[in-house]
Amino acid sequence: MEITLSVIKADIGGYVGHSASHPDVLARAGEMLARAKKAGLLIDYHVTQCGDDAQLIMTHQQGEENDKIHKLAWDTFVECTAVAKKLKLYGAGQDLLSDAFSGNIKGMGPGVAEMEIEERPSEPVIIFMADKTSSGSWNLPLYKMFADPFNTIGLVIAPTMHGGFAFEVHDVKGCKKITLNAPEEIYDMLIFLGAPARFAVKAVYHRESKSIAAVSSTQRLSLIAGRYVGKDDPVCLVRCQGQFPAVGEVLEPFTFPHLVEGWMRGSHHGPFMPVSVADATPSRFDGPPRVIALGFQLAEGKLVGPRDMFADKGFDRARQEANKIADYMRRHGPFEPHRLPLEEMEYTTMPQVMQKLDRRFTELTG
Ligand code: F6R
Ligand code: MG
Ligand code: MG
């Protein structure tokens, strides 16, 4: 059975500040999607939040980039914005960059990750959702899941995975893409993946079967809008078990709270903290950046779940380590590498400061 799993998300108003979504906003989203399920457009749905982002998880049989599904998501966000405006939530409607829907929600502000799959006899999927960071943050965990035998022992000892995976890498600034094969091309691949501000893994494929294994949202909001309008706060869908990494191999990379960009004013590096949905409320210096993981079993497109995978005690130490790293990074104050390099900061006063002080700069001599 062909099923499409679509996750479409947007920050349509924060409660309080940029720390969470409001229950009334999520309830409105739930009503809209319930109606679409009743009408037969959706097979199933789940609404959740990660920080100030509302997340629409939907299953259907309309395929990827379908205008009806994208319009449903757009209309849902417009309705939610009305609720957010009434409550005067912070930044109500901030990710809706256009006044009217024009057929495809991509490029209009919300983040999108979709995969059309032939549902297997048992289809476990994990949906990762992040706040206060950008899509390149999936590079390191996706590399570990699908290319690193020290993370994924299945690459070594499972005959179904031994043939490796192909990575579709997007140059989000150059608007180009390339597909590279693991394991043969990992040295070439890492030159790109190690630069997550510019290169992001869009999708991963099982090489032997060519089946989709993972897909992420790679929109860069600021590049779409031409100005800072908030962080991308990306999502990533990963299929598990069988010819794909086991659930535990998919979650394992998040025991390392690696540094990602996007903390406070989209202008700082901070540790990527794996948390339960209840704890996805970044409040300390508007962070540190969070990631949640919801697990579902698909059953003829029905979303059986979710299980809140990072609620597991096994991630307690990662959270403690993330808090330690957060303390360490914060002590740098306005200095790099806590603060992002000048050209990467989402907020800057550099042009004004330079204009004011330009005449006081003199040539270095000797
Ligand atoms: C980071 C983020 C927040 C805001 C900050 C300032 O991605 O969303 O840290 O950048 O709270 O927000 P404004 O400029 O809306 O007052
Ligand atoms: Mg926000
Ligand atoms: Mg957000």
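A few remarks follow.
- Model label points for Ser102 and Phe361, set 7 angstrom from Cα along the Cα-to-Cβ axis, are 3.8 nm apart.
- Cα-Cα over 28 Å, subset of Lys85/Lys177; Lys88/Lys202; Lys173/Lys324; Lys106/Lys176: Lys85/Lys177; Lys88/Lys202; Lys173/Lys324
- Under the Karplus curve 6.51 cos²θ - 1.76 cosθ + 1.60, θ = phi - 60°, whole-Hz ³J(HN,Hα) for the stretch 271-286, x wherever Gly or Pro sits: x, 7, 9, x, 9, 6, 4, 4, 9, 8, 10, x, 10, 7, 6, 6
- Listed by chain and number, the aspartates and glutamates whose C-alpha is less than 16 Å from the C-alpha of Lys144, apart from same-chain residues fewer than 8 away, are Glu168, Glu184, Glu185, Asp188, Glu249, Glu252.
- Gyration tensor (alpha-carbon) shape descriptor, the chain, a/c threshold 1.5: oblate
- Centre separation in Å (Cα based) which lies between the stretch 170-199 and the stretch 51-120: 28 Å
- Longest segment of the chain lacking chymotrypsin sites (Phe, Trp or Tyr not before Pro) that sit in a DSSP loop with at most 13 other Cβ atoms within 10 Å: 151-334
- Extension gain for Thr255-Asp188 works out to 21.5 nm (0.36 nm per residue, less the C-alpha to C-alpha distance).
- Within straight-line cross-link reach of Lys302, lysines at Cα separation under 22 Å, skipping those fewer than 8 residues along the same chain: Lys9, Lys37, Lys38, Lys68, Lys71
- Spin-label proximity, Asp75 to the stretch 93-110 - amide N less than 14 Å from point 7 Å beyond Cα toward beta carbon: 101-103
- Placing dummy labels 7 Å off each Cα toward the beta-carbon, the span from Arg35 to Lys210 is 4.1 nm.
- Built amide H within the under 5 Å cut-off of Ala246, gap 5+: Gln241
Values in this text are rule-based calculations from the coordinates and carry no lab data. Remember, it's a predicted structure, so these values are computed and weren't measured experimentally. All Cβ positions, even for glycine, are placed from backbone atoms using ideal geometry, and neighbour counts span all protein chains on display.
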